[in-house]
Amino acid sequence: MKCGLFHTPYNQPQRTPKQIFDWSIELAQVCDKAGFSDFLVGEHYTLALENIPMPEAIIASAAMVTEKLRFAPMAHLLPYHDPATLAIRVGWLSQVLEGRYYLGVGPGGHHTDAILHGFDDLSQLPARQLEALSIMEKVWKEEPFRFVGEYFRGGFPGPDDMPGYDVTIAKNGLWKKDPFEIAVTALSANSNSMKFAGARNYSPISFFGGIDQMVSHWETWSTAMTENGFTPERERLRVCREVFVADTDAEARRRAIAGGLGYSWEHYLLPIYKKFKLLDGIIKDSGVDITADEVDMEFLAEHVWLCGSPETVTEKIDRLVDKVGSWGMLCINSHDNIDDMAPANESLQRFAQEVMPKVGASLPA
């Protein structure tokens, strides 16, 4: 199992863009040196606690000061982009990074981002995403076409489009030395995003919401893959979790609750999980007789976060694998530790070097 980092980011709302940018670059360097495989960067436009509206700026800058990390925008929100322009930018950046880049796509799910782009109704965004993708795929073929759709228009110039003299067309298509990967995230059970990903042979990224939800993500994606003639492979599944590693369980719990992880959940994520009933599966798995309104930081540290000593975190992952099956990469969600980065950076290093090499060692063959 590989390890990655999902840099949404969950930052505190008072942070300036410069602070978030500098933190992002340092975080990428920490992950690269620790042995992480992937560094995924979110895209949101109006969310003060997830404030990176331009993931490609982070990716391009971080790539220049790292050696092995693969990067991905996770995800470009296609309804809000001109698809032909985005296709060229994605292709160009994939060539700059020479295989250290893949693409995440999504329709956009935050109402305030939609308002910014002139949409009151989120239901129309998935159809816009599909049309945008169809244009992007045509552009990547670098063959002449014209397209005018319901939402977008685009094209690619050919020999018959010259303005009275020959123009050499730039080769800004996708990096072609490796199969180009596209990935999609999902949170809800029986996710339409997982069906969409499987139908198009895109890789699945699962945000954790309990054992049943995790099993549902795999089954939904793998069924859609099989129905469309593709072979589902568990190594393609990425799972996103909160992680904090320290010398002892007590110290890991203390650092997690007192740091950015605790701040994000107390002030931002827990209210969202309660509102949209995303805690039901987690409470069921815990076996604790508790309501969603009673969930607190101590419950999260024990039952939601992979929090503890290296041995404890390894055991928690092994127990989960035993219940749901294996997957290919565990992605840690990043949380704002800008004021004191040392404990969180230590946790990342110990996770990559002390936990991940031992995952699976205690499981039956």
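Things worth noting here:
- Looking only at region 158-189, residues that are over 22 Å from Val96 (Cβ atoms) and surrounded by fewer than 14 Cβ atoms within 10 Å (Cβ to Cβ) come to 10 in all.
- Filtered residues of region 59-83 (kept if part of a helix (DSSP H, G or I), crowded, with 18+ Cβ neighbours inside 10 Å and touching a Phe, Trp or Tyr at 6+ places or on another chain (Cβ under 8 Å)): Ile59, Ala62, Ala63, Pro79, Tyr80, Pro83
- Matching residues in region 1-38 - criterion: being more than 15 Å from Val243 (Cβ to Cβ), among the hydrophobic types (A, V, I, L, M, F, W, C) and crowded, with 21+ Cβ neighbours inside 10 Å: Ala28
- Only listed residue being small (Gly, Ala, Ser) and within 25 Å of Ile25 (Cβ to Cβ), chosen from Gly287, Gly328, Gly308, Gly259: Gly259
- Only one of Gly91, Gly108, Gly104 that is modelled with pLDDT of 95 or more, within 14 Å of the chain's Cα centre (by Cα) and under 14 Å from Phe180 (Cβ atoms): Gly104
- Arg253 being buried (at least 20 other Cβ atoms within 10 Å of the Cβ), basic (Lys, Arg) and either touching a residue at least 60 places away in the same chain (Cβ under 8 Å) or in a helix (DSSP H, G or I) (or both): yes
- Residues that are closer than 16 Å to Val239 by Cβ and at pLDDT below 95, drawn from region 179-209: Leu187, Ser188, Ala189, Ser191, Phe208, Gly209
- Residue in region 209-250 that is surrounded by the fewest Cβ atoms within 10 Å (Cβ to Cβ), counting only those that are of a type in the set (Ser, Thr, Tyr) and not in a loop (DSSP other than H, G, I, E, B): Thr226
- Residue pairs whose Cβ atoms lie under 9 Å apart, sitting 6 or more positions apart in sequence or on different chains, and linking a residue in region 100-124 that is of a type in the set (D, E, K, R) to a partner that is loosely packed, with under 15 Cβ neighbours inside 10 Å, are Arg100/Lys68; Asp120/His111.
The values are calculated or read from the model by the stated rules, or taken from the named source; none is laboratory data. Since the model is a prediction, treat every value here as computed from it, not as a measurement. Virtual Cβ from ideal backbone geometry, glycine too; neighbours counted across all protein chains shown.
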